[in-house]
Amino acid sequence: MRVFLRRWYGATTAGRPAIALESDQIPRELVDWHDAVASTGVAVTFHNRPVELSKLVRSDNGMMIFWMENQGSYYWAVDPDDEQPAVFVTVYPTEEPWQATGETLRGFLLHCTIDEAMLGAAARFVVMIPGRVAQSYLSNWFVPLGFPHLANQDPSTQLLCSHDALAQVCPPPVGYSIPGDATQMLSVAVTNPDDLDKYQADLRDYLSTVPRQPPVEIDELPPF
């Protein structure tokens, strides 16, 4: 987690004291995540959001909600008594049963941090392309990260990486499909805007406008 944060967002804050446990009921993984995120000195969530440490509480059914969808429709939680906490999700915490996501807390936090970095990147482009083109393009540039889709994502959603970029592929929103083709929406994000050109080169026929963004200063290339 800290390696990813440092190499995607830049150097961490030196000498910052670690966050103290607010409660002995809060899983260590959550405290470590909040501490790592705070050390970046920048925002790292842009869509879904974590619950602040000071607001983490255990409900009557024993679950602790720690992550929420931006529309307030999905809630993710753990049982603090688990030695290796598994993550569960529900729509209405007081009414609907909790469903296992298949991810551990540590894996889920890394998954969401990468997903949020993808969504919030300043140097990023989105393109609608035929499924066959997406498959060929991704196999040439990226490898799947192996995370399952989040509950608020289409089941076919994939998060991928190269050594210096992140990518996500999923079905397009309604009305954005290419007529006559099984369309995929491809998003690609990089830390260095100069790297956009190489990732766009094979997609020129499908790109309409290419926004240019100011450089993002980093001290190392990401290790993806």
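The values are calculated or read from the model by the stated rules, or taken from the named source; none is laboratory data. These figures come from a predicted structure and were not determined experimentally. Every residue, glycine as well, gets a Cβ built from its backbone with ideal geometry; the counts of neighbours run over all protein chains shown. The protein model used for the area step is the full one, side chains on, heavy atoms only, and it has no ligands, DNA or RNA in it. Shrake-Rupley method; radii C 1.70, N 1.55, O 1.52, S 1.80 Å.
When a 1.4 Å probe is rolled over the protein heavy atoms, the share of accessible surface on region 1-153 that falls to carbon and sulfur comes to 50 percent. Remark: the chain carries 51 Å² of accessible area per residue (probe radius 1.4 Å; ligands, DNA and RNA excluded). In this simple spin-label approximation, residue 84 and residue 49 carry label points 7 Å from Cα along the Cα→Cβ vector, and these lie 3.3 nm apart. You can think of it this way: the chain between residue 91 and residue 177 has 28.1 nm of extra reach, that is 0.36 nm per residue less the Cα-Cα gap. First select every other residue whose beta carbon is under 13 angstrom from the beta carbon of residue 110; then total the charges, Lys and Arg +1, Asp and Glu -1. Within the 13 Å Cβ shell, the charges total -3. Electrostatic tally near residue 168: other residues with Cβ closer than 14 Å to its Cβ, Lys and Arg +1, Asp and Glu -1, net -2. Working note: 222 nm ellipticity from helices only, DSSP H runs with n ≥ 4, each -39,500 (n - 2.57), summed and divided by the residues of the chain, gives -6500 deg cm²/dmol to the nearest 500.
Net charge of the neighbourhood of residue 85, taken over other residues with C-beta under 12 Å away and scored Lys/Arg +1, Asp/Glu -1, is -4.
Just check the chain against the gyration tensor rule for me: Cα atoms, a ≥ b ≥ c as the square roots of the eigenvalues, rounded for a/c under 1.5, and otherwise prolate or oblate depending on whether a/b exceeds b/c. The shape class here is oblate. Taking packing as the residue-averaged number of other Cβ atoms within 10 angstrom, the listed peptides 148-157, 103-112 run from highest to lowest as 103-112, 148-157. Most tightly packed first, judged by the mean number of other beta-carbon atoms within 10 Å of their residues, the peptides 179-188, 164-173, 92-101 read 164-173, 179-188, 92-101.
Label zone (residue 192, point 7 Å along Cα-to-C-beta; backbone nitrogen cut-off 17 Å) within region 118-146: 122-124.
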